[in-house]
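A quick write-up on the structure given underneath.
None of the figures in this text is laboratory data; all of them are computed from the coordinates on show. Just so you know, these numbers come straight off a predicted model, no measurement behind them. Quick reminder, even Gly has a Cβ in these numbers, built from the backbone with ideal geometry, and neighbours come from all protein chains shown.
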Amino acid sequence: MTQKYDAIIIGAGVIGTPIAYELSKLGYKTLTVDKQPDAGEGSTAGSCAIVRAHYSTEDGVALAYEGFKYWLDWENYLGNVKDEKGLAKFMNTGSILLKSEGHDWRKVKKHYDAVGVQYEEWDNDTIKAKVPVADVHKFWPVRRPEDPKFYDEPTEMLEGAIFCPEGGYVNDPALSAHNIMRAAETHGAEFIFNAEVVDIRSENNKVKGITLKDGTRIDAGIVVNVGGPHSYKVTQMAKGVWEGCNIKTKSLRHEVMYCPSPDGYDYLNDGYHMSDGDVGCYTRPEVGNMFLIGSEDPECDKREIVDPDEFYAGRGGHGKDNVLTDEQWKAQCYRWAKRVPSLQVPNQPKGVVDLYDISDDWIPIYDKSDMDGFYLAIGTSGNQYKNAPVVGRMMAELIDACEKGRDHDNDPFQYDFKYLTRTINVGFFSRKREINQDSSFSVNG
Ligand SMILES: Cc1cc2nc3c(=O)[nH]c(=O)nc-3n(C[C@H](O)[C@H](O)[C@H](O)COP(=O)(O)OP(=O)(O)OC[C@H]3O[C@@H](n4cnc5c(N)ncnc54)[C@H](O)[C@@H]3O)c2cc1C
């Protein structure tokens, strides 16, 4: 017999689990399906889980700042649920955005003022006092070590920084998704794992349900694509949906490096998250007193689109795409060693490789689709971990409104934030939008 639910969520990552949680709270009987063995084991597991508010659009800043409030209130958000694996922890280090040509920080500051983000402005002396290992020279433009100019001596200084005290990172992103799953279950949400969706069934352009690889058919009038880096494949399973999207998604490889902190500097306990467009890197503390170093996608770094099935098939170091490359290791670590000259750069690459589900303009798609009952929460572009709890509630309310007859394409749903006194036009995230030219077209969103 075919099983029936009100809503099926494809993907139990950090974006899918809060959608299941919030839909269940609204009274929908949900089933979340994932081909991985547990929640958060897709690209969420590889996330740096940094929580910062600097984005290139005001709506992007607002969404992220609203997200801060959930992480600061994590246990309450989860309804004080118990998880046998323990709870993920928000590490409230604060977040430094260096003022450099690599970020349009004046625009960010304007958005901070408009949204009401708490921040401080630091001069270079304050940066030195707070991060004693930092060199505050300006190294712009971002180059790769292969470029002979990479080693030119800097002559100018940075212009200071903008510091957000409420920022930080989450210590275990996969666990955070697991925590949300446990919270959702207390409202009746169900989850199945090791189950791969291979078809989205529909009739007269209305979604009917999903079919799994083993032939199992499960019916629901609502299906939500939260497939992460596989999102484009799931979108293509639903007849006509891909063609109806003006903004598309694809899967981009991204490397993150670990380097031991300089001797005598306790980065793990005294350090901040830093975004440094001047050397094209972001960093945060990592267990073992390491600097975790990611690339901010400067123009000189190549962008590598890969097939997520091939990539994840080889996870654990055996795949063709998922081992760190010496070139990128050197690029990211050497760049960061300009900012922190006493950084210890070992000669063996150490870190994480995973996939971003990028959209054409690096802004996500949170939307309905051209098929009735089929919804999209995709294109999270390496920058939506922090927003997951907000997205869960926003998507659940959007779905509820559409199911009750709202014509979201022509009369976009307006979402009232839970914490900020602010409403967001969810049409901002439409699949039908033109490419948003205000975007940084990078992980900065
Ligand atoms: C290296 C890296 C660093 C990042 N750093 C940050 C950061 O510092 N801050 C930030 O805010 N964001 C960051 N991000 C982005 C953030 O982590 C992602 O936006 C977020 O984790 C995406 O969650 P998701 O639930 O959409 O995807 P996933 O976690 O990938 O979940 C999708 C799930 O769908 C399942 N699935 C797909 N297809 C099928 C199918 N056919 N059948 C069944 N199941 C299927 C997959 O198995 C997977 O578990 C980073 C991302 C990466 C990769």
GNM flexibility winner over the chain from Asp276, Asp307, Asp411 (Cα, springs under 10 Å): Asp411
For Val115, the net charge from surrounding residues (Cβ-Cβ under 14 Å; K, R +1; D, E -1) works out to +1
Apply the Karplus curve 6.51 cos²θ - 1.76 cosθ + 1.60, θ = phi - 60°, to the phi angles in segment 224-231 and return the couplings in whole Hz, x for Gly and Pro. 10, 8, 10, x, x, x, 8, 4
Stretchable slack from Lys206 to Gln3, in nm (0.36 nm times residue separation minus alpha-carbon distance): 71.3 nm
In nm, spacing of pseudo-spin labels at Asp113 and Leu26 (7 Å Cα→C-beta vector): 3.7 nm
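May I ask you to sort Phe291, Phe428, Phe193, Phe68 by Cβ crowding, counting other Cβ atoms within 10 Å and putting the fewest first?
Numbers: Phe291 29, Phe428 20, Phe193 14, Phe68 26.
The order, fewest Cβ neighbours first, is Phe193, Phe428, Phe68, Phe291.
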Subtracting the Cα-Cα distance from 0.36 nm times the residue separation, let me have the gained length for Asn76 to Asp409 in nm, one decimal. 116.5 nm
Once you list every other residue whose beta carbon is under 15 Å from the beta carbon of Cys245, what net charge do they have if Lys and Arg are +1 and Asp and Glu are -1? 0
Okay, helix-only estimate at 222 nm for the chain: each DSSP H run of n ≥ 4 adds -39500 (n - 2.57), divide by all residues, round to 500 deg cm²/dmol; what do you get? -7000 deg cm²/dmol
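What pairs in Lys35/Lys330; Lys213/Lys350; Lys330/Lys368; Lys109/Lys233; Lys149/Lys233; Lys29/Lys213 have C-alpha atoms more than 31 Å from each other?
Values: Lys35/Lys330 34 Å; Lys213/Lys350 35 Å; Lys330/Lys368 42 Å; Lys109/Lys233 38 Å; Lys149/Lys233 42 Å; Lys29/Lys213 23 Å.
Pairs exceeding the cut-off: Lys35/Lys330; Lys213/Lys350; Lys330/Lys368; Lys109/Lys233; Lys149/Lys233.
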Hey, what did the chain get for relative contact order, percent, Cα under 8 Å, at least 6 apart? 23 percent
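Would you mind working out the magnitude of the charge dipole of the chain relative to its Cα centre, with +1 at each Lys and Arg C-beta and -1 at each Asp and Glu C-beta, to the nearest 20 Debye? Numbers along the way, then the final one.
Details: 51 positive and 70 negative charges, 128 e Å.
Using Cβ point charges on Lys, Arg, Asp and Glu, the chain gives about 620 debye.
Please report the net charge: other residues with Cβ closer than 10 Å to the Cβ of Met290, K and R +1, D and E -1.
Working: positive: Arg284, Lys350; negative: Glu286.
The answer is +1.
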Tell me, what HN-Hα J-couplings in whole Hz come from the Karplus equation 6.51 cos²θ - 1.76 cosθ + 1.60 at θ = phi - 60° for each residue of segment 195-202, using x for Gly and Pro? 10, 9, 7, 10, 8, 10, 8, 8
Shape of segment 101-151, Cα gyration tensor, a/c cut at 1.5: oblate
I want to check the label-to-label distance for Asp199 and Lys69. Put each point 7 Å from Cα in the C-beta direction and report it in nm to one decimal. 4.5 nm
What do you get for the angle between helix 173-185 and the principal long axis of the chain? Use alpha-carbon atoms, 0 to 90 degrees, nearest ten. 30 degrees
For a paramagnetic label modelled at 7 Å from the Cα of Asp214 toward its Cβ, which residues of segment 167-203 fall within the zone defined by backbone nitrogen distances under 13 Å? 192-197
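I need the calculated FRET efficiency for the pair Lys128 and Lys85, taking r as the beta carbon distance and R₀ as 35 Å, to the nearest 0.05. Mind dumping the intermediate values first?
Numbers: r = 40 Å, r/R0 = 1.15.
It comes to 0.30.
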Using modelled amide H (1.01 Å from N, peptide plane; none on Pro or chain starts), what sits under 5 Å from the amide H of Val224, excluding residues fewer than 5 places away? Ile8, Ile9, Ile10, Tyr375
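Determine the dipole magnitude for segment 352-445: charges of +1 sit on the beta-carbon of Lys and Arg, -1 on that of Asp and Glu, nothing else is charged, the reference point is the Cα centre, and the result goes in debye to the nearest 20. Please list the in-between numbers first.
Values: 10 positive and 16 negative charges, 75 e Å.
Approximately 360 debye in magnitude.
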Label-point separation in nm, Lys432 to Glu190, each point 7 Å along Cα→Cβ: 3.5 nm
Stretched fully, the stretch from Glu101 through Asn246 gains (0.36 nm per residue minus C-alpha distance, one decimal, in nm) 49.1 nm
